[in-house]
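Novice: This is the structure I have questions about; it appears just below.
The values are calculated or read from the model by the stated rules, or taken from the named source; none is laboratory data. Just so we're clear, the structure is a prediction, and the values are computed from it rather than from any experiment. For neighbour counting, all protein chains shown are included, and Cβ atoms are generated from backbone atoms with ideal geometry for every residue, glycine included.
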Amino acid sequence: MTLTIFGSTGDLSLRKLFPALYNLYSLKKDADFKIIAIGRRNLSHHQFIDMIRPKICEYARLSFDEDIFNEFSEHIVYYQMNLTEADDYVKLNGFYHENQIEAQTFYLALSPRFFHSVIEGFKRLDQIERNNVVIEKPFGINTADMIDINHKLMQLFPKDHVYYIDHYLGKEMIQNIKTIRFKNALFKNSWNHEMIDSIQISALEADGILNRGAYYDASGALKDMVQNHLLQILTILTMEESENQHEAQMQILKKLRINQILLGQYSGYRNEKDVDEHSNTETYAELQCFIDNERWKDVPIYIRTGKKLKKREIVVIVKFKALEGSPSNLLEIKIQPTEGVYLQFNIKKPGAKDQIETVQMDFCQSCVEINRINTPEAYERLFEEVFHHQREYFSSFEQILFSSSLIESIQKPKPFIYDHSIPYSLTEWVEIPHNY
Ligand code: BG6
């Protein structure tokens, strides 16, 4: 199995892809791979390995083992080329021949401004249609560009060889949403506007934009997180049960109405490297949405995401309608960093006659060591899926296009400035304290 990574010295490769491949290698899962790491810089094999070592130490979920890392690094070849130079693809083709590399997976961990050159370059490789291609967001510089890129890919590769990544689909607890919803009579039968008062989806980050100023300033939180990851969570939470998940998610997107929006920018953002000093790009976004169908009539769904907040956390909170005289039941699905499920319900206060007490069932899945060991990182799961030609954990182009047009159609208000906490909100945040 061969994987060629275009953009192997970029942030995505260093923070997510190589650590995930190292984990797979350590677990001896799909360990029989060769990685052709393509970059523009003139680096020796050793220089490249020295570049990825500290990142694997920092970001791989499995602890770093020098012997395993040395073995792993023998599976990597650093290959220098200029992505916009047509002749370099002819040389790459020669390299594949010399090394008897035939069918393989290309991973485009690149800024979309390189996509056209790389796709053009693919035409210089033999039997390109036998390969797979994995592509990362943003899938184009705008919606029109996405359509163009998708069209060009479809001319070169069979449709089912093109994998559109949304790494949130590889997260354990996002996959678990379907089981929680559809395999519990308790929730399955009450998952509608008659029983549910509101839903909150929060994806908060403590980090700023790190070294990604140029990319981020052109995207903002709406395109970086809402358009893809958060709309994936929202649609999985609200779709009908179906064999065809992409279609079920599309049905929700088509009925989604964004009713209110609030944008923020963290203080100091404009001084970040490669950010315009007058930038109005949002680093925080909060949306109130409705789904105009029978199941979700008048149920507000809040999405919020932002950088440089007090903590890193992704959670979904489903607030059920309160019955007269008693507090709402709450279901929390904890996605990250802790994985788990929390349920708040009412009982009679022990010893009292009519008083109600609110109690909790709190299941911390990731507090159990064996669960942590058995839970792959999103990118590990996604690599495994591609290597085995499974498509379930990937997005569909139709979904991407629809979400992108939806986000592009938003009239953006001017962002307010915040410092770690958000001064305004479209609704009261439900925050559940835990003891872990
Ligand atoms: C990426 C965004 O898609 O997801 C980043 O571009 C964001 O800005 C990241 O930080 C969050 O991913 P995770 O897996 O750390 O929640």
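Novice: List the number of the failed condition for HIS116; all other conditions in (1) away from the ligand (no atom under 16 Å from the Cβ); (2) surrounded by fewer than 18 Cβ atoms within 10 Å (Cβ to Cβ); (3) outside any helix (DSSP H, G or I) hold.
Specialist: Just one mismatch for HIS116, condition (3).
Novice: Here's a follow-up. Look through the stretch 357-382, keep the residues that are hydrophobic (A, V, I, L, M, F, W, C) and under 16 Å from the mean Cα position of the chain (by Cα), and return whichever of them is surrounded by the fewest Cβ atoms within 10 Å (Cβ to Cβ). Write out each step before concluding.
Specialist: The first filter runs over the stretch 357-382 and keeps only residues hydrophobic (A, V, I, L, M, F, W, C), leaving 359, 361, 363-364, 367-368, 370, 373, 378, 382.
Okay, now just the ones that are also under 16 Å from the mean Cα position of the chain (by Cα), so 378, 382.
Numbers: ALA378: 22, LEU382: 24.
For the stretch 357-382, the residue satisfying everything is ALA378.
Novice: May I ask you to list the residues in the stretch 130-144 that are out of contact with any Ser or Thr (no Cβ under 9 Å at 6 or more places or on another chain) and modelled with pLDDT of 95 or more?
Specialist: ILE135
Novice: Let me ask something additional. Scan the stretch 199-217 and give yes if some residue there is away from the ligand (no atom under 16 Å from the Cβ) and surrounded by 19 or more Cβ atoms within 10 Å (Cβ to Cβ), otherwise no.
Specialist: Within the stretch 199-217, the subset away from the ligand (no atom under 16 Å from the Cβ) is 199-200.
Still in the list and also surrounded by 19 or more Cβ atoms within 10 Å (Cβ to Cβ): 199-200.
Checking the stretch 199-217: at least one residue is away from the ligand (no atom under 16 Å from the Cβ) and surrounded by 19 or more Cβ atoms within 10 Å (Cβ to Cβ).
Novice: Does at least one position in the stretch 347-355 carry a residue that is small (Gly, Ala, Ser) and loosely packed, with under 13 Cβ neighbours inside 10 Å? Break it down stepwise before answering.
Specialist: So in the stretch 347-355, the residues small (Gly, Ala, Ser) come out as 351-352.
Remaining after also requiring loosely packed, with under 13 Cβ neighbours inside 10 Å: 351-352.
Scanning the stretch 347-355 turns up at least one residue that is small (Gly, Ala, Ser) and loosely packed, with under 13 Cβ neighbours inside 10 Å.
Novice: Given the options TYR107, TYR78, name the one that is assigned to a strand (DSSP E or B), over 25 Å from PHE394 (Cα atoms) and in contact with a helix residue (DSSP H, G or I) (Cβ under 9 Å, 6 or more places away or on another chain).
Specialist: On the way: TYR107 fails: over 25 Å from PHE394 (Cα atoms).
After applying the criteria, what remains is TYR78.
Novice: Please determine, by comparing only the residues of the stretch 218-241 that are more than 8 Å from the ligand (Cβ to nearest atom) and charged (D, E, K, R), which one is nearest to the chain's Cα centre (by Cα).
Specialist: The residue in question is LYS223.
Novice: In the set LYS183, LYS171, LYS188, LYS178, which member is of a type in the set (Lys, Arg), over 30 Å from ASN280 (Cα atoms) and within 12 Å of the ligand (Cβ to nearest atom)? Please lay out each step first, then the result.
Specialist: Values: LYS183 fails: within 12 Å of the ligand (Cβ to nearest atom); LYS188 fails: within 12 Å of the ligand (Cβ to nearest atom); LYS178 fails: within 12 Å of the ligand (Cβ to nearest atom).
LYS171 is the lone residue from the list that is of a type in the set (Lys, Arg), over 30 Å from ASN280 (Cα atoms) and within 12 Å of the ligand (Cβ to nearest atom).
Novice: Only one residue in LYS137, LYS123 is closer than 30 Å to LEU92 by Cα, within 13 Å of the ligand (Cβ to nearest atom), in contact with a helix residue (DSSP H, G or I) (Cβ under 8 Å, 6 or more places away or on another chain) and not hydrophobic (A, V, I, L, M, F, W, C). Which one? So that I can check it myself, show each step before the final result.
Specialist: On the way: LYS123 fails: within 13 Å of the ligand (Cβ to nearest atom).
Of the residues listed, the single one that is closer than 30 Å to LEU92 by Cα, within 13 Å of the ligand (Cβ to nearest atom), in contact with a helix residue (DSSP H, G or I) (Cβ under 8 Å, 6 or more places away or on another chain) and not hydrophobic (A, V, I, L, M, F, W, C) is LYS137.
Novice: Restrict the check to the stretch 165-173 and report whether at least one residue is among the aromatic types (Phe, Trp, Tyr) and over 14 Å from the mean Cα position of the chain (by Cα). Walk me through it before giving the result.
Specialist: Step one: list which residues in the stretch 165-173 are among the aromatic types (Phe, Trp, Tyr), which gives 168.
Subset that is over 14 Å from the mean Cα position of the chain (by Cα): none.
No, because not a single residue in the stretch 165-173 is among the aromatic types (Phe, Trp, Tyr) and over 14 Å from the mean Cα position of the chain (by Cα).
Novice: Pairs please, first residue from the stretch 360-385 and more than 20 Å from ARG15 (Cβ to Cβ) and part of a helix (DSSP H, G or I), second anywhere and more than 16 Å from the ligand (Cβ to nearest atom) and of a type in the set (Ser, Thr, Tyr), Cβ atoms under 7 Å, 6+ apart in sequence or on different chains.
Specialist: CYS367/TYR436
Novice: Looking only at the stretch 143-161, how many residues end up being in contact with a helix residue (DSSP H, G or I) (Cβ under 8 Å, 6 or more places away or on another chain), in a helix (DSSP H, G or I) and under 25 Å from HIS388 (Cα atoms)?
Specialist: The number of residues fulfilling the criteria is 6.
Novice: Would you confirm whether any residue within the stretch 44-62 is more than 28 Å from the chain's Cα centre (by Cα), closer than 24 Å to LEU110 by Cα and either hydroxyl-bearing (Ser, Thr, Tyr) or part of a loop (DSSP other than H, G, I, E, B) (or both)? Let's see the steps before the verdict.
Specialist: Filtering the stretch 44-62 down to residues more than 28 Å from the chain's Cα centre (by Cα) leaves 44-47.
Then keep just the ones that are closer than 24 Å to LEU110 by Cα; that gives 44-47.
Pick out the ones that are also either hydroxyl-bearing (Ser, Thr, Tyr) or part of a loop (DSSP other than H, G, I, E, B) (or both) and you get 44.
Checked the stretch 44-62: at least one residue is more than 28 Å from the chain's Cα centre (by Cα), closer than 24 Å to LEU110 by Cα and either hydroxyl-bearing (Ser, Thr, Tyr) or part of a loop (DSSP other than H, G, I, E, B) (or both).
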